[in-house]
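Participant: What follows is a structure written as structure tokens; I'll ask about it next.
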Amino acid sequence: MPYVITEKCLEEVYAACVDVCPADCIHPGDYKGKAFMIIDPEACTECTSCLDACPIGAIVASVEEAPEDAKLNAELSAAFGKNPPIQPRPENDPPRRADNKLVKG
């Protein structure tokens with residue numbers, strides 16, 4: 001079962017997950033007029049690397065934990081997969097959204 005990036009990532013896009021993903025399945029794009037990342041469910045190998053890398057805990061380990069976000073990841077994967085990679089933000093950079101908190105960094 002693939003991992004899922006939740007809407008907690010919307011506008012944050014730390015992208016530390018991209019650097020550690022051995023499957024190259026995490027892609028950036030624009031959603032609701034803001035930067036966002038998704039995990040391509042067809043390419044995810046469930047290696048756990050991204051879970052540990054996200055400084056705000058925006059990634060969950062199963063579709064059941066965030067079914068709507070899982071659907072969104074799947075819907076956006078084809079379009080986002082064509083986008084060029086982005087530069088990660090520093091893990092200790094404060095979240096841009098007031099409802100997010102650093103869980104590591």
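Participant: Give the long-range amide H neighbours of Cys25: residues separated by 5 or more places, or on another chain, with amide H under 5 Å away, using H modelled in the peptide plane at 1.01 Å from N.
Facilitator: none
Participant: While we're here: Testing the spin-label approximation: label points 7 Å from Cα along Cα→Cβ at Lys101 and Ala78. State their distance in nm.
Facilitator: Spacing of the two 7 Å Cα→Cβ label points: 4.0 nm.
Participant: Which whole-Hz couplings ³J(HN,Hα) result when phi for each residue of region 77-85 is put into the Karplus expression 6.51 cos²θ - 1.76 cosθ + 1.60, θ = phi - 60°, listed in order with x for Gly and Pro?
Facilitator: 4, 5, 5, 5, x, 8, 7, x, x
Participant: Just to be sure I follow the definition: excluding the sites themselves, where is the longest run in the chain that has none of the GluC sites (Glu not before Pro) in a DSSP loop with at most 14 other Cβ atoms within 10 Å?
Facilitator: Result, exposed sites excluded: 47-90.
Participant: What's the longest piece of the chain with no exposed trypsin sites (Lys or Arg not before Pro), counting a site as exposed if DSSP puts it in a loop and it has at most 15 other beta carbons within 10 Å?
Facilitator: Result for the longest clean stretch: 33-81.
Participant: Give me the percent of the accessible area of region 38-81 that comes from carbon and sulfur atoms, probe 1.4 Å, all protein chains in place.
Facilitator: The computed percentage sits at 50.
Participant: For mean projected area of the Cα convex hull in nm², pick the label among (i) 6.4; (ii) 8.9; (iii) 5.9 that corresponds to the value derived from the coordinates.
Facilitator: (iii)
Participant: What distance in nm separates the simple spin-label points at Met1 and Lys32, each placed 7 Å from Cα in the Cβ direction?
Facilitator: 2.4 nm
Participant: Right, something else. Pop a pseudo-label 7 angstrom from the Cα along the beta-carbon direction at both Asp19 and Asp93 and give the gap in nm to one decimal.
Facilitator: 1.1 nm
Participant: Given Cα pairs under 8 Å that are at least 6 residues apart, what percent is the relative contact order of the chain?
Facilitator: Relative contact order for the chain comes out at 38 percent.
Participant: Note the count of lysine pairs whose C-alpha atoms are less than 21 angstrom apart in the chain, limited to pairs 8 or more residues apart or on different chains.
Facilitator: Final tally of qualifying lysine pairs is 11.
Participant: Now for a different question. Quick one: 3J(HN,Hα) in Hz for region 89-103, Karplus 6.51/-1.76/1.60 with θ = phi - 60°, rounded, Gly and Pro as x.
Facilitator: 7, x, 4, 8, 5, x, x, 7, 9, 5, 7, 9, 10, 5, 9
The values are calculated or read from the model by the stated rules, or taken from the named source; none is laboratory data. From a predicted model like this one, the values you see are computed outputs, not experimental measurements. Here Cβ is always computed from backbone atoms with ideal geometry, including for glycine, and neighbour counts include all displayed protein chains. Just so you know, the surface numbers come from the protein's heavy atoms only, side chains and all, with ligands and any DNA or RNA stripped out. Shrake-Rupley method; radii C 1.70, N 1.55, O 1.52, S 1.80 Å.
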